[in-house]
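Colleague: The following block contains the structure, expressed as structure tokens.
The values are calculated or read from the model by the stated rules, or taken from the named source; none is laboratory data. No experiment lies behind these values; they were computed from the predicted model shown. A quick note on method: Cβ atoms are made from the backbone with ideal geometry, for glycine too, and the neighbour counts reach across all protein chains shown.
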Amino acid sequence: ADIQALEAKIQQHIGAGGDDQGEDYGQGLMDLSTFITKSQCECLNESDDHPMAHCLVKNGGYLQSDVDEQLILSVTFNQAVKIHSLRLKAPLQLGPKDVKLFINQPRTIDFDMAESCNSVQEFSLEPKDLEGNPINLRYVKFQNVLNIQVFVKNNQSGGETTQIDYLAFIGSPINTTKME
């Protein structure tokens, strides 16, 4: 078999690393949005007018919290993935500040659990992190992810509503094919 031709075909079908916007993340990484099972995703405390689905696509609108500034986004993948980083775009004042990440939960966690339970990773976002550049995660902790839950504890200004214009997960699928 012609190994170079096979490798070229594989790269054509799985991509060389990057996404459909022409972003190249290197190391075989890509935007994992094509692996998200949107029908199994949910968001707690989302505004009816600005639901989570709006922030999972570029230029698709935005996600806004409803009653207060807290949000829990539950994102399910159609196969196990490795998550290297996330990209977040949000307005300076309304963007998330303190965030906790949970993985592979049997069901969507509630706000009490999100506050009290140990997360896989938690961090505070700076205003520069809201510009859409990759935010690196502790990659070794995100090696076999079927679902990820993002708890937004508060926002940059301490205001009543949090807004996320775009959220993307960067990584790679564990298996390059999934037969169904």
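Colleague: In the range 72-114, which residue that is over 16 Å from Gln163 (Cβ atoms) and of a type in the set (Asp, Glu) is surrounded by the fewest Cβ atoms within 10 Å (Cβ to Cβ)?
Modeller: Out of the qualifying residues, it is Asp112.
Colleague: For Ile164, state whether it is among the aliphatic types (A, V, I, L, M), touching a strand residue (DSSP E or B) at 6+ places or on another chain (Cβ under 9 Å) and surrounded by fewer than 20 Cβ atoms within 10 Å (Cβ to Cβ).
Modeller: Spelling it out, it is not the case that Ile164 is among the aliphatic types (A, V, I, L, M), touching a strand residue (DSSP E or B) at 6+ places or on another chain (Cβ under 9 Å) and surrounded by fewer than 20 Cβ atoms within 10 Å (Cβ to Cβ).
Colleague: Okay, moving on. Just to verify a result, which residue in the range 1-58, among those that are among the charged types (D, E, K, R), farther than 24 Å from Pro134 by Cβ and surrounded by fewer than 18 Cβ atoms within 10 Å (Cβ to Cβ), is modelled with the lowest pLDDT?
Modeller: Lys9
Colleague: Determine whether Phe123 is without any contact (Cβ under 8 Å) to a residue 40 or more places away in the chain, surrounded by 15 or more Cβ atoms within 10 Å (Cβ to Cβ) and of a type outside the set (Asp, Glu).
Modeller: yes
Colleague: I'd like to check something: does the range 170-180 contain any residue that is under 24 Å from Asn59 (Cα atoms), of a type outside the set (S, T, N, Q) and surrounded by fewer than 18 Cβ atoms within 10 Å (Cβ to Cβ)?
Modeller: No, that holds for no residue.
Colleague: Okay, moving on. Tell me the residue from Thr161, Thr108, Thr76 that is under 27 Å from Phe35 (Cβ atoms) and in a loop (DSSP other than H, G, I, E, B), please.
Modeller: Thr108
Colleague: In the range 61-75, is there at least one residue being modelled with pLDDT of 95 or more and on the phi > 0 side of the Ramachandran plot?
Modeller: No: zero hits.
Colleague: Run down Gly171, Gly95 and say which single residue is farther than 21 Å from Lys38 by Cβ and either modelled with pLDDT of 95 or more or charged (D, E, K, R) (or both).
Modeller: One residue alone meets the criteria, Gly95.
Colleague: Yes or no: the range 94-112 includes at least one residue that is acidic (Asp, Glu), without any contact (Cβ under 8 Å) to a residue 24 or more places away in the chain and at negative phi.
Modeller: yes
Colleague: Moving on. Is there any pair with a first residue in the range 80-92 that is in contact (Cβ under 8 Å) with a residue 12 or more places away in the chain and a second that is surrounded by fewer than 18 Cβ atoms within 10 Å (Cβ to Cβ) and assigned to a loop (DSSP other than H, G, I, E, B) whose Cβ atoms are under 6 Å apart and which are 6 or more apart or on different chains, and what are they?
Modeller: Going by the 6 Å Cβ cut-off, the qualifying pairs are Ala80/Asn144; Ala80/Ile174; Lys82/Gln143; Ser85/Pro134; Arg87/Gly132; Arg87/Pro134; Lys89/Gly132.
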